[in-house]
Amino acid sequence: MKIAIMGAMREEIDPILESVGTYQTLEHAGNVFYTCTYKNHELVIAYSKIGKVFSAITASVMLERFGAEVLLFSGVAGGISKELKIGDLIMASALCQHDVDIVAFGHPYGFIPEGTLMIESDANLRSLASEVAIDMGVDLYEGIIATGDQFVASGERKSWIQQTFNADALEMEGASVACVCQNFGIPFFVLRAISDTADGGASDDFDAFLKTSAAESAKFILEMVKRIGD
Ligand code: SAH
């Protein structure tokens, strides 16, 4: 199967590239794409750069140009739910865009006409992830992930996002990637390891835990890749 694996930052895909052996490199549309064969799958791997626009470009290229049949996102996020501690893994059941605001016309926050407020991730990939979590002996949370073009480092903004979208974690790329996959009809999965708790100390925690949390997420994603199609 042709599988796309993407992150937003180099640190999020480096652990994957280090594990897959040799790969080819191709530059396209302002990005570098790495391709290889791994466990009988053809992989295309890339980091998009931060935010909704760059991640939408990268996801689109992976599907259109590289013909990916499934997309897995691996990265870090700010935790909202009190249950989530730094280093914990959360898979998105559904994703939304917390920074979309056309409420002046009577729409709810996060809603764009002809779109959907929430985009559900693929149920088969989620159940595969649950099996992988059991076998790896790790706790895997499932919940709503809210995306926006903001690094959230404020208790107030975090609570607003929790109350408005019932979100458990937040980041800057998941919902845009989900929107691309929804529109192309491609199954997708978003996994995040918590790097910070999106409040006053978020930027310091992020810097301290980016690498270790990104590595946790990447390790889990590679276990999933090994089992896709079994
Ligand atoms: N340190 C980087 C910026 C990181 S932005 C630089 O200076 O270039 C944060 C990245 O991690 C985004 O890709 C986002 O998806 C994720 N993320 C982790 N914690 C977050 C938070 N509290 N708010 C928003 N995004 C967060």
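The values are calculated or read from the model by the stated rules, or taken from the named source; none is laboratory data. Just so we're clear, the structure is a prediction, and the values are computed from it rather than from any experiment. FYI the Cβ positions are ideal-geometry reconstructions off the backbone, even for glycines, and counts take in every protein chain you see.
Residue by residue, here is whether (1) over 21 Å from ASP122 (Cα atoms); (2) of a type outside the set (Phe, Trp, Tyr); (3) touching a Lys or Arg at 6+ places or on another chain (Cβ under 8 Å) holds:
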residue	(1), (2), (3)
LYS2	no, yes, no
ARG10	yes, yes, no
ILE16	yes, yes, no
VAL32	yes, yes, no
LYS39	yes, yes, yes
ARG65	yes, yes, no
SER93	no, yes, yes
Could you list, in sequence order, the residues of segment 17-54 that are away from the ligand (no atom under 16 Å from the Cβ) and of a type in the set (A, V, I, L, M)? LEU17, VAL20, LEU26, ALA29, VAL32, LEU43, VAL44, ILE45
Which residues, taken from segment 187-221, are in contact with a helix residue (DSSP H, G or I) (Cβ under 6 Å, 6 or more places away or on another chain), within 18 Å of GLU11 (Cβ to Cβ) and surrounded by fewer than 22 Cβ atoms within 10 Å (Cβ to Cβ)? LEU210, LYS211, ALA215
What number of residues in segment 193-209 are farther than 10 Å from ILE86 by Cα and outside any loop (DSSP other than H, G, I, E, B)? 5
Within segment 202-230, restricting attention to residues that are more than 9 Å from the ligand (Cβ to nearest atom) and free of Cβ contacts under 8 Å to residues at least 12 places away in the same chain, which residue is farthest from ASP88 (Cα to Cα)? ASP230
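Can you tell me which residue in segment 1-16 is surrounded by the fewest Cβ atoms within 10 Å (Cβ to Cβ), limited to those that are aliphatic (A, V, I, L, M) and within 14 Å of the ligand (Cβ to nearest atom)?
Only one residue fits best here, namely MET9.
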If you take just the helices (runs of 4 or more DSSP H) that sit entirely in segment 110-192, which of them hold at least 3 residues that are under 24 Å from LYS49 (Cβ atoms), modelled with pLDDT of 95 or more and polar (S, T, N, Q)? 174-184
Tell me, which strands (runs of 3 or more DSSP E) wholly within segment 1-90 include 2 or more residues that are aromatic (Phe, Trp, Tyr) and touching a residue at least 12 places away in the same chain (Cβ under 8 Å)? 31-38
Please specify each residue of segment 123-155 satisfying the condition of being surrounded by fewer than 16 Cβ atoms within 10 Å (Cβ to Cβ) and more than 16 Å from the ligand (Cβ to nearest atom). ALA123, ASN124, SER127, SER130, GLU131, ILE134, ASP135, MET136, GLY137, VAL138, ASP139
